[in-house]
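Colleague: Please read through the structure below; I'll follow up with questions.
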Amino acid sequence: MTEPVNSRMHKAAVNRWLLLAPALVILCFAASGPLLIVLVYSFLQPGDYGGVVWNFSIEAWFNVLFQEDIFDETVTFADAHLSIFWRSVRLSFGTTVMAFVIGFPTAYFIATRPKQQRDMWLLLIIIPFWTNLLIRTFAIMEVIRNEGVINSALLAAGVIDSPIQILFTDFAIMLGMLYVYLPLMVLPIYASMERLDFSIVEAGYDLYASRFKVLRRIILPLVKPGVIAGSILVFVPSLGAYVTPRVLGGGKNLMVGNLIELQFGQGRNWPLGSALAVTLLVIVMVALLFYVRVATKEDIKHG
Amino acid sequence: MNSSNGGSQAVRIEAVSKVFGEGEGRVVALDNVTVGIRQNEFFTLLGPSGCGKTTLLRLIAGFEHPTGGEILLEGADISALPPYARPVNTVFQSYALFPHMTVAQNIGFGLEMLGKPRAEIDRTVDDMLQLVKMTELKDRHTNQISGGQQQRVALARALAPHPKVLLLDEPLSALDLKLRKEMQIELKRLQNETGITFVFVTHDQEEALTMSDQIAVMNNGKILQVGAPRDIYDHPADRFVAQFIGETNFLTAELASRGKSGTQVKLPSGKSVAAALPADGRTQGLVTVVVRPEHARLTKVKSKAALTGTLENIVYFGTDTHYHLQLEDKTPFIVREQNQPDGQAPYREGDQLGIEIGADAVQVLRD
Ligand SMILES: Nc1ncnc2c1ncn2[C@@H]1O[C@H](COP(=O)(O)OP(=O)(O)OP(=O)(O)O)[C@@H](O)[C@H]1O
Ligand SMILES: [Mg+2]
């Protein structure tokens, strides 16, 4: 009796691995593989025309944090790198906050529509995803540039005398990233809100909680998993954004993504680019760990 | 139930209508409903699924707003107030406990929102925990307690702010029979101890009869009859009410003269019996009358009996026996008799029997 059961279980386990195999292969080769290559490259020396020379060196890692003056060989902090990292974190954080402020009410709006209408609203949220990122970014540029839609309208209406400089500012970058990543905030929040039993919300109103109190004390805690997921989904790609800051920030407002690209392109310093990429990865991981820890602290306490 | 006197009435529903949707999908959930609920009363809304019970409750709570009419709470119109401004609390059918809070936090939530001081909140929560016998489980989360316990927490949470009216939407329907009976008694006890007016929704007629001071029987968005359980059972004014509550026999009869001994109706057998008239029924012609099976008796002496018929079927129920008869005009008639200890069945199928009808047992319907 036991043997057939055992062999059946064994077979089930084998089947499970077989079914997982395609995903595992893709993960190994497409995710871990390149990552390993980048990690290895970061410990090599740059080639003269790009590429790497296979000599072990920690120079690239040294250059992530410090810079050596070419003439007097004094070592100083790599202010440029640090400030770009800091800017990236700041802009991504700003984008995430804005996405939450706009995405939460949007998700709430959709979740409280009658069932038949919700799919249509979701579709409207997703439609921009069907357009190429570059085209969408240029469309935003068209809206906010000095001769663009907003400024022309304001000028024509006489509200302003000269165009407001929006394009090529940090705000423009955040606006662009917000537009691109907003659905990634709306969808997970919507998903957890849709599961919310709205009689719980009514119970809140019934027990003398005003709209704001119901939002803060009942709805927000219950859709927190969605908010956490949405924030991660917006923050992480924002941090590594490349196209948006390049187009909307002009050449001068770099983010980490641009800095890394620079090393692989004009900079011809692949090891430094790799080291910067790994640094970005570490920052993202630390930020996520910290964020998830803080955001779920209460649940752990109760759970 | 005097409509001008709102003083002793906790809730007054005045010509309230509620229509959902428009055009094709238009649903009239409540159709010109008028009813008064007295202070400290256990008031039950009884009716089949979809008759508008929940809608009426939600109107009182403030989750919906009437399309017509007024809702008065202790004489003041509250139709325009949002739910959080009404001193009325609800026990939801699904309990709707806050899953991210403990039992004690759930119970204290209303008081906290009312801005009561911490000490008072803690004291009331302790009282409530004791009242519903949940003190031991106060730090549990709501998903770590059983259905019956959740039910108690929902009750305590709604009672804690001491509302003027407590609304209960089929609060016992999710419980099994034994727990249900326990909670019925518990609910009555809580209502007595707190003195709060309860408005209770159920589609279970037995539950309504055993628990209520007053019952309003609803169907199709209308209130058909309001009265004490005995009134509703013994003197149903309406065919639906008679059918919905308990078992009953329907007969066609003719209203005869109103003699010294009250109204008389002439039964199909030609015999006349005394009958009770509804307040707003007709006063002559053919009417439908109802007789409860237990208000009739079988007899072998046919000459004096009000009705005669053939015994077709005998169904033994332990405490009593149901005799299914067919009257001369082919209408079915059921008589329920208490079983005697001698264990002998007094009648056989096929017997020709007389049916005696007790005094006050015939009720004329409004039709
Ligand atoms: N939000 C709504 N939109 C449209 N129709 C509704 C809505 N709420 C209720 N109705 C309709 O109004 C009628 C009364 O509903 P209600 O929920 O009050 O019934 P009920 O007596 O509580 O029934 P049950 O015993 O099944 O709970 C039903 O026909 C229902 O379909
Ligand atoms: Mg209902």
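Colleague: Could you tell me which helices of chain A pass both thresholds, a Cα extent of 18 Å or more along their own axis and a mean Kyte-Doolittle hydropathy of at least -0.5, with helices taken as whole DSSP H runs?
Modeller: Details: long enough: A:2-26 (37 Å, 0.37); A:79-111 (46 Å, 0.97); A:170-194 (34 Å, 1.40); A:224-239 (22 Å, 1.52); A:270-295 (37 Å, 2.08).
Helices meeting the span and hydropathy rule in chain A are A:2-26, A:79-111, A:170-194, A:224-239, A:270-295.
Colleague: Also, I was wondering about something else. Given axes a ≥ b ≥ c from the Cα gyration tensor, I'd like to know whether region A:1-107 is rounded (a/c under 1.5), prolate (a/b larger than b/c) or oblate.
Modeller: Details: a/c = 4.01, a/b = 1.60, b/c = 2.51.
Oblate, since a/c reaches 1.5 and b/c is not below a/b.
Colleague: Going by C-beta contacts inside 10 Å, put A:Phe138, B:Phe200 in order with the fewest on the left. Walk me through the intermediate numbers first.
Modeller: Values: A:Phe138 14, B:Phe200 26.
Arranged by neighbour count, lowest to highest, A:Phe138, B:Phe200 become A:Phe138, B:Phe200.
Colleague: Mind putting a number on the dipole of the protein assembly as shown about its Cα centre? Charges go on the C-beta only, +1 for Lys and Arg and -1 for Asp and Glu, and I need it in Debye to the nearest 20. Write out the running numbers ahead of the final one.
Modeller: Working: 60 positive and 64 negative charges, 127 e Å.
Approximately 600 debye in magnitude.
Colleague: Sticking with this one: Starting with the fewest neighbours, write out A:Glu147, B:Glu22, B:Glu112 ranked by other beta-carbon atoms found within 10 Å of each beta-carbon. Don't skip to the end; give the middle numbers.
Modeller: Working: A:Glu147 10, B:Glu22 7, B:Glu112 19.
So the residues, fewest neighbours to most, are B:Glu22, A:Glu147, B:Glu112.
Colleague: If each DSSP helix of 4+ residues adds -39,500 (n - 2.57) and the sum is divided by the residues in the protein assembly as shown, what number results at 222 nm, nearest 500 deg cm²/dmol? If you can, show how the numbers build up before the last one.
Modeller: Numbers: 23 runs with 292 residues, N = 670.
Helices in the protein assembly as shown give a 222 nm mean residue ellipticity of -13500 deg cm²/dmol.
Colleague: Take peptide B:62-72, look around each residue's Cβ out to 10 angstrom, count Cβ atoms belonging to other protein chains, and average those counts. Don't skip to the end; give the middle numbers.
Modeller: Details: counts 3, 4, 0, 0, 0, 0, 0, 0, 0, 0, 0.
Across the residues of B:62-72, the mean count of other-chain Cβ atoms within 10 Å is 1.
Colleague: Give me the one-decimal nm value for the distance between modelled label points at B:Thr252 and A:Asp197, 7 Å along each residue's Cα-to-Cβ direction.
Modeller: Rounded to a tenth, the inter-label distance reads 5.1 nm.
Colleague: According to the square roots a ≥ b ≥ c of the eigenvalues of the Cα gyration tensor, what is the shape class of the protein assembly as shown, taking rounded for a/c under 1.5, prolate for a/b larger than b/c otherwise, and oblate for the remainder?
Modeller: Values: a/c = 3.11, a/b = 2.50, b/c = 1.24.
It comes out prolate by the Cα gyration axes.
Colleague: Within a 10 angstrom radius of the beta carbon, how do A:Cys28, B:Cys51 rank from fewest other beta carbons to most?
Modeller: Values: A:Cys28 11, B:Cys51 24.
Ascending Cβ contact count within 10 Å gives the list A:Cys28, B:Cys51.
Colleague: Something else now. Of the lysine pairs in chain A, how many meet both conditions: Cα atoms under 24 Å apart, and a spacing of 8 or more in sequence or different chains? Can you show the working numbers first?
Modeller: Working: A:Lys115/A:Lys224; A:Lys213/A:Lys224; A:Lys213/A:Lys297; A:Lys213/A:Lys301; A:Lys224/A:Lys297; A:Lys224/A:Lys301.
Taking the Cα cut-off of 24 Å, the pair count is 6.
Colleague: Per residue of A:206-219, what is the mean number of Cβ atoms on other protein chains within 10 angstrom of that residue's Cβ? Walk me through the intermediate numbers first.
Modeller: On the way: counts 18, 18, 15, 7, 4, 2, 0, 4, 2, 0, 0, 6, 5, 0.
Across A:206-219, the average partner-chain Cβ count within 10 Å equals 6.
Colleague: Let me know the charge dipole size of region A:78-301 about its Cα centre in debye, to the nearest 20, where only the beta-carbon of Lys, Arg (+1) and Asp, Glu (-1) is charged. Please list the in-between numbers first.
Modeller: On the way: 19 positive and 13 negative charges, 80 e Å.
The dipole magnitude comes to about 380 debye.
Colleague: Between the alpha-carbon centers of region A:13-87 and region B:109-135, tell me the distance in whole angstrom.
Modeller: Measuring centre to centre over Cα atoms gives 59 Å.
Colleague: So which aspartates and glutamates pass the test for B:Lys330, namely a Cα distance under 12 Å, with those fewer than 8 places away in the same chain ruled out?
Modeller: B:Lys330 reaches B:Glu312.
Colleague: For B:Lys178, give me every one of the lysines with a C-alpha distance below 23 angstrom, ignoring sequence neighbours fewer than eight places off in its own chain.
Modeller: B:Lys133, B:Lys188
Colleague: Compute the Cα gyration tensor for chain A, then decide on rounded, prolate or oblate, letting a ≥ b ≥ c be the square roots of its eigenvalues: rounded whenever a/c is under 1.5, prolate when a/b is larger than b/c in the other cases, and oblate in all that remain.
Modeller: Oblate, because a/c is 1.5 or more while a/b does not exceed b/c.
Colleague: Right, something else. Identify all lysines with a Cα-Cα distance to B:Lys222 below 20 Å; exclude those on the same chain that are fewer than 8 residues away in sequence.
Modeller: Within the straight-line limit of under 20 Å, B:Lys222 reaches these lysines: B:Lys18, B:Lys53.
Colleague: What dipole magnitude, in Debye to the nearest 20, does region A:11-87 give about its Cα centre under +1 on Lys/Arg Cβ and -1 on Asp/Glu Cβ? Please report the intermediate quantities before stating the final value.
Modeller: On the way: 3 positive and 7 negative charges, 212 e Å.
Computed about the Cα centre, the dipole is about 1020 debye.
Colleague: Which of the listed residues, B:Thr210, B:Gln338, B:Ala104, is farthest toward the dipole's positive end in chain B, when Lys, Arg count +1 and Asp, Glu count -1 at the beta-carbon?
Modeller: B:Gln338
Colleague: Going highest first, how would you order B:188-198, A:165-175 by mean Cβ packing within 10 Å? Let's see the in-between values first.
Modeller: Values: B:188-198: 16.5, A:165-175: 20.0.
Packing order, densest peptide first, comes out as A:165-175, B:188-198.
Colleague: Can you give me the Cα centroid spacing of region B:206-245 and region B:156-191 in angstrom?
Modeller: 20
Colleague: Charges on Cβ only, +1 for Lys and Arg, -1 for Asp and Glu, centred on the Cα centroid of region B:247-364; of B:Ile355, B:Val291, B:Ala253, which one is farthest towards the dipole's positive end?
Modeller: Going by the charge dipole, the pick is B:Ala253.
Colleague: Highest GNM mean-square fluctuation, chain A, Cα pairs closer than 10 Å: which of A:Val14, A:Val201, A:Val292?
Modeller: In the Gaussian network model the winner is A:Val14.
Colleague: Can you give the mean number of other chain Cβ atoms that lie within 10 Å of the Cβ atoms in peptide B:88-96? Let's see the in-between values first.
Modeller: Details: counts 1, 4, 6, 2, 6, 1, 4, 4, 9.
Taking all residues of B:88-96 together, the mean is 4.
Colleague: Next up: Can you find, among B:His162, B:Leu137, B:Leu175, the residue farthest towards the positive end of the dipole of region B:104-177? Put +1 on the C-beta of Lys and Arg, -1 on that of Asp and Glu.
Modeller: B:His162
Colleague: Related question: Identify which of B:Gly309, B:Gly270, B:Gly23 has the largest mean-square fluctuation in a Gaussian network model of chain B, with springs joining Cα atoms closer than 10 Å.
Modeller: Maximum fluctuation in the GNM of chain B, among the listed residues, is at B:Gly23.
Colleague: Using only the Cα atoms of chain B, each taken as one equal point scatterer with no solvent, compute I(q) by the Debye sum, divide by I(0), and report log10 of the ratio at q = 0.08, 0.12, 0.14 Å⁻¹.
Modeller: The calculated log intensity ratios at q = 0.08, 0.12, 0.14 Å⁻¹ are -0.52, -0.96, -1.13.
Values quoted throughout were computed directly from the atomic coordinates according to the rules given, and no laboratory measurement underlies them. What you see is a predicted model, and the numbers here were worked out from it, not measured in a lab. All Cβ positions, glycine included, derive from the backbone under ideal geometry; neighbour counts span all protein chains shown.
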